[in-house]
Amino acid sequence: MSSDTVKYLLPEDQLPKAWYNLAADLPAPPPPPLHPGTGQPCGPDDLAPIFPMAVIAQEMTSERWVDIPEPVRQIYRLWRPSPLVRARGLEKALDTPARIYFKYEGVSPAGSHKPNTAVPQAFYNKQEGVKRLSTETGAGQWGSSLAFAGSLFGLEVEVFMVKISYNQKPYRRALMETYGARCVASPSTLTNAGRTILEKDPDSNGSLGIAISEAVEVAATRDDTKYALGSVLNHVCLHQTVIGEEAMAQMAMANDAPDVVIACTGGGSNFAGLAFPYIREKLKGQQVRVVAVEPSSCPTLTKGTYAYDFGDTGHLTPLVKMHTLGSTFMPPGSHAGGLRYHGMAPMVSHVKELGLIEARSYAQTECFKAAVAFARAEGIVPAPESSHAVKAAVDEALAAKAEGKARSILFNLSGHGHFDMQAYTDYFGGKLQDLDYGEADLQTALAALPKV
Ligand SMILES: *Cc1c(COP(=O)(O)O)cnc(C)c1O
């Protein structure tokens, strides 16, 4: 590779053949999910009504490597391996001695990392004879990813979309419908969970926790339907490791290794995808810092409690041990819709407790400022979620400059912002505020954590 290379591209035949399971290499396994009724660890049978068996097996596996099925690799080829880019324009704009690299997941058909798990989940459901998938979506990235994957396998997809986003983001809905999915505003009258909320609050804007309850209820009550989740769970983190495995091979092409690895965290999956392979190397002695970045308006890792909690507002899901703000916590309406979840992936929470990662939070306007600087130097407009990782990378590069020391920075650009331009319009119009969550609301939500 010449010394002015910008894109490090792997050929299709070097697409990873297996996903990496960090649980196999940790000193202690993460605490198991618990059945909400009995308080006992969940077995495969507890999850069978809502997930296909292959996915349940992956959720619980202790194997280090899980083969990527050939039909899934074949579909991955539509956009993978994704490029690793040296952000030379940004380095210059910041006048930093740091070397900045980003892994670009916005090249997928849906524009983010989420199809990396939507495709295998659709594949395993199809293999087991499932006809329909139900799911929830916040800003619409997951719904459109599953709609895309469902269309490739001939599965019907029903998406419960948080009502405020349903009204604010008509183009995401149109994208889901283009792929043939049905998109319903949540809370809806189609489920008990939705009707219960609407009785109490007919004008409810909805939340991810409510939409999850609706989607899980549909899967649990219909034989032909299973549920698919786009983040948080172990199998989702597993599928996303294709990002980190590719990135390692590409960093080797660049003859470099990151001193710091950065990604934003909503439920934790794009972070897990890039970071877990690097944590494996860290456990073997490689010097690398790993940084998770979240919005200060929904500060799960930096302000949450590490405790067993429900994944949804309606309390239908198993209890999982994670950093949580409480399942009834309603984060203020920031533009990073994908980062507004009350909990964190149990695996990400666990590595935080083990001291293997750092976490930090930023307010939304400073993230948009960094995202605009990035767009003007690199051309790509980051998704509002990804702008948190951009901001952290910029701060690391400026710290390197202040110290007068080079360092190698790798971050995940989890998606592009082409469906989020209203957020940029608001930013340029001076309408974006740095909303704080209410401390009293947080304490109320934490006080309601289930007693385990
Ligand atoms: C959904 C989403 C996220 C947040 O989800 P994680 O599971 O934490 O990765 C981040 N970036 C983009 C672009 C997203 O669509």
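The values are calculated or read from the model by the stated rules, or taken from the named source; none is laboratory data. In this text, all values refer to a predicted model and were calculated from it rather than measured experimentally. Cβ placement follows ideal geometry from the backbone for every residue including glycine, while neighbour counts extend to all protein chains displayed.
Brief remarks on what is shown
- Verdict on G267 being under 22 Å from G355 (Cβ atoms), touching a Phe, Trp or Tyr at 6+ places or on another chain (Cβ under 7 Å) and surrounded by 23 or more Cβ atoms within 10 Å (Cβ to Cβ): yes
- Residue within segment 122-144 that is of a type in the set (D, E), away from the ligand (no atom under 16 Å from the Cβ), assigned to a helix (DSSP H, G or I) and over 15 Å from A181 (Cβ atoms) present: no
- Selection from segment 181-222 of residues that are free of Cβ contacts under 8 Å to residues at least 40 places away in the same chain, over 25 Å from N116 (Cα atoms), assigned to a loop (DSSP other than H, G, I, E, B) and out of contact with any Pro (no Cβ under 9 Å at 6 or more places or on another chain): P187, S188, T189, L190, T191, P202, D203
- Top-ranked residue in segment 386-424 [being within 17 Å of the chain's Cα centre (by Cα) and part of a strand (DSSP E or B); ranked as nearest to the ligand (Cβ to nearest atom)]: G415
Residue by residue, here is whether (1) hydroxyl-bearing (S, T, Y); (2) within 23 Å of W142 (Cα to Cα); (3) surrounded by 15 or more Cβ atoms within 10 Å (Cβ to Cβ); (4) in contact with a His (Cβ under 7 Å, 6 or more places away or on another chain) holds:
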residue: K17; (1), (2), (3), (4): no, no, no, no
residue: Y20; (1), (2), (3), (4): yes, yes, yes, no
residue: P29; (1), (2), (3), (4): no, no, no, no
residue: R73; (1), (2), (3), (4): no, yes, yes, no
residue: V85; (1), (2), (3), (4): no, no, yes, no
residue: P97; (1), (2), (3), (4): no, no, no, no
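- Residues that are outside any strand (DSSP E or B) and in contact with a Lys or Arg (Cβ under 6 Å, 6 or more places away or on another chain) were ranked within segment 244-265; the one that is nearest to the ligand (Cβ to nearest atom) is A247.
- Within segment 222-234, the set of residues being within 13 Å of the ligand (Cβ to nearest atom) and either on the phi > 0 side of the Ramachandran plot or crowded, with 24+ Cβ neighbours inside 10 Å (or both) comprises L229, G230, S231, V232, L233.
- Filter result (crowded, with 24+ Cβ neighbours inside 10 Å, free of Cβ contacts under 8 Å to residues at least 60 places away in the same chain and of a type in the set (A, V, I, L, M, F, W, C)) within segment 102-135: V119
- Test: residue in segment 352-361 that is at pLDDT 95 or above, within 30 Å of P44 (Cβ to Cβ), within 16 Å of the ligand (Cβ to nearest atom) and not acidic (D, E): yes
- Residue list for segment 328-384, filter: part of a helix (DSSP H, G or I), hydroxyl-bearing (S, T, Y) and more than 30 Å from K92 (Cβ to Cβ): S349
- Checked against (1) more than 11 Å from the ligand (Cβ to nearest atom); (2) in a helix (DSSP H, G or I); (3) polar (S, T, N, Q), N270 passes all but a single condition, namely (1).
- Count of segment 185-201 residues, restricted to those that are under 22 Å from the mean Cα position of the chain (by Cα) and not polar (S, T, N, Q), is 1.
- Pair list, Cβ < 7 Å and 6+ apart or interchain, from segment 62-85 residues that are free of Cβ contacts under 8 Å to residues at least 40 places away in the same chain and under 27 Å from P32 (Cα atoms) to residues that are in a helix (DSSP H, G or I) and not hydroxyl-bearing (S, T, Y): none
- Residue match in segment 155-176 (condition: small (G, A, S), touching a residue at least 12 places away in the same chain (Cβ under 8 Å) and more than 16 Å from the ligand (Cβ to nearest atom)): no
- When each of G304, G311 is tested for being within 16 Å of the ligand (Cβ to nearest atom) and either in contact with an Asp or Glu (Cβ under 9 Å, 6 or more places away or on another chain) or modelled with pLDDT of 95 or more (or both), the lone residue that passes is G304.
- Restricting segment 314-332 to residues that are over 18 Å from the mean Cα position of the chain (by Cα) and at pLDDT below 85 leaves a set whose member that is surrounded by the fewest Cβ atoms within 10 Å (Cβ to Cβ) is P332.
- The residue pairs whose first member lies in segment 414-427 and is over 15 Å from G338 (Cα atoms), whose second member is near the ligand (Cβ under 9 Å from one of its atoms), and whose beta carbons are closer than 8 Å, counting only pairs six or more residues apart or on different chains, are Y424/G417.
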